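Written out below as structure tokens is the structure these notes cover.
The values are calculated or read from the model by the stated rules, or taken from the named source; none is laboratory data. Just so we're clear, the structure is a prediction, and the values are computed from it rather than from any experiment. Cβ: placed from backbone, ideal geometry, glycine included. Neighbour counts: every protein chain shown.
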Amino acid sequence: MKMIDRNEKKLSITRQAELLSLNRTSVYYKPAPVNEEEYLIKRIIDEIYASYPEYGYRRMTSILNKDYHIHINRKRTRRYMREMGIHGFCPGPNLNTW
């Protein structure tokens, strides 16, 4: 928030945020630092997904545990895949139209 001057005596931070149409809480917000372990796991999930898009979170968890020796549970794998916007591709039923 470069437009808000914290040393301003005449206008409070609340008033400055109001004039800029910002929420006051967004003035104080500091983003959380990036977790390197999470970044690494997501990169590996993306590599596996590029090769095998049909794998869901269960099989992805199994591969991470067995092949990459990353001990991760299915809930965490599912959350990472959901955050990345990927999911297992499941073919539909084979419909015969006669």
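Please work out if residue 50 is out of contact with any strand residue (DSSP E or B) (no Cβ under 8 Å at 6 or more places or on another chain), within 17 Å of residue 82 (Cα to Cα) and among the small types (Gly, Ala, Ser). Yes. Please state which one of 14, 61, 25 is surrounded by 11 or more Cβ atoms within 10 Å (Cβ to Cβ) and not in a loop (DSSP other than H, G, I, E, B). From the options 14, 61, 25, the qualifying one is 61.
Scanning segment 43-80 for residues that are polar (S, T, N, Q) and under 25 Å from residue 91 (Cβ atoms) yields 51, 61, 62, 77. The requirement of being within 19 Å of the chain's Cα centre (by Cα) and in contact (Cβ under 8 Å) with a residue 24 or more places away in the chain is fulfilled nowhere in segment 21-32; no residue meets it.
Per the conditions (1) loosely packed, with under 12 Cβ neighbours inside 10 Å; (2) in a helix (DSSP H, G or I), the sole criterion not satisfied by residue 94 is (2). Taking every residue in segment 1-14 that is farther than 14 Å from residue 25 by Cα and touching a residue at least 12 places away in the same chain (Cβ under 8 Å) and pairing it with any residue that is surrounded by 10 or more Cβ atoms within 10 Å (Cβ to Cβ) and not polar (S, T, N, Q), at least 6 positions away or on another chain, the pairs with Cβ-Cβ distances below 7 Å are 3/20.
When segment 1-44 is filtered for residues that are of a type in the set (S, T, N, Q) and closer than 30 Å to residue 72 by Cα, only 35 remains. Residues of segment 64-87 that are surrounded by 12 or more Cβ atoms within 10 Å (Cβ to Cβ) and either more than 17 Å from the chain's Cα centre (by Cα) or among the acidic types (Asp, Glu) (or both): 64, 65, 68, 70. Looking only at residues of segment 28-56 that are among the hydroxyl-bearing types (Ser, Thr, Tyr) and assigned to a loop (DSSP other than H, G, I, E, B), we find that the one that is surrounded by the fewest Cβ atoms within 10 Å (Cβ to Cβ) is 29.
Among the criteria (1) modelled with pLDDT of 90 or more; (2) among the acidic types (Asp, Glu); (3) surrounded by 10 or more Cβ atoms within 10 Å (Cβ to Cβ), the one residue 5 does not fulfil is (1).
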